[in-house]
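Take a look at the structure set out below.
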Amino acid sequence: MRVRLELWSKEQGGRHTPTFDGYKPDFRASTEGHGDVNLGAATVKLPADNPMFVPGTTLELDVEPVDLAAWVNVATGLVLGVFEGEQQVGTATVLSR
């Protein structure tokens, strides 16, 4: 699945350190009237020419959901929350499935 992932800086309430290929945050989708739906973890695949993802930047990249069944209703254009534990550290906009 292709996403545009914005990793928030510590000043934005996000991460203090960069991530690397294989980073595995949790993703959540907000639903109207039903709260957040936890989609579970997905592995971030960084582009070969960009081996480090610095907080405060945005990249288009691929993610591989751990549990594909949880992501079955995720549609192009959906904006997902990116979490480490209970802390939101960014957003991911789905570009293609």
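Flag set for residue 67, criterion: surrounded by fewer than 16 Cβ atoms within 10 Å (Cβ to Cβ), acidic (Asp, Glu) and out of contact with any helix residue (DSSP H, G or I) (no Cβ under 9 Å at 6 or more places or on another chain).
Rundown of residues vs (1) in contact (Cβ under 8 Å) with a residue 12 or more places away in the chain; (2) within 19 Å of residue 95 (Cβ to Cβ); (3) in contact with a strand residue (DSSP E or B) (Cβ under 6 Å, 6 or more places away or on another chain), yes/no style:
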| residue | (1), (2), (3) |
| --- | --- |
| 5 | yes, yes, yes |
| 9 | yes, no, no |
| 13 | yes, no, no |
| 30 | yes, yes, yes |
| 33 | no, no, no |
| 43 | yes, yes, yes |
| 51 | yes, no, no |
| 71 | yes, yes, yes |
| 82 | yes, yes, yes |
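For (1) closer than 14 Å to residue 3 by Cα; (2) out of contact with any Ser or Thr (no Cβ under 6 Å at 6 or more places or on another chain), each residue gets a yes or a no:
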position	(1), (2)
20	no, yes
33	no, yes
36	no, no
43	yes, yes
47	yes, yes
54	no, yes
74	yes, yes
93	yes, yes
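If only residues of the stretch 25-59 that are among the charged types (D, E, K, R), surrounded by 12 or more Cβ atoms within 10 Å (Cβ to Cβ) and within 21 Å of residue 73 (Cβ to Cβ) are counted, the one that is modelled with the lowest pLDDT is 36.
Restricting attention to the stretch 70-91, and to residues there that are touching a Pro at 6+ places or on another chain (Cβ under 9 Å) and within 28 Å of residue 16 (Cβ to Cβ), which single residue is surrounded by the fewest Cβ atoms within 10 Å (Cβ to Cβ)?
So in the stretch 70-91, the residues touching a Pro at 6+ places or on another chain (Cβ under 9 Å) come out as 71, 74, 82-84, 89-90.
From what is left, the residues that are within 28 Å of residue 16 (Cβ to Cβ) are 82-84, 89-90.
Values: 82: 25, 83: 17, 84: 15, 89: 23, 90: 26.
Among those residues, the one meeting the criterion is 84.
Quick one: count up the residues across the stretch 8-39 that are closer than 15 Å to residue 62 by Cβ, in a strand (DSSP E or B) and of a type outside the set (Ser, Thr, Tyr). The total comes to 2.
The values are calculated or read from the model by the stated rules, or taken from the named source; none is laboratory data. Fair warning: this is a prediction, and the values are worked out from it, not measured in the lab. Quick reminder, even Gly has a Cβ in these numbers, built from the backbone with ideal geometry, and neighbours come from all protein chains shown.
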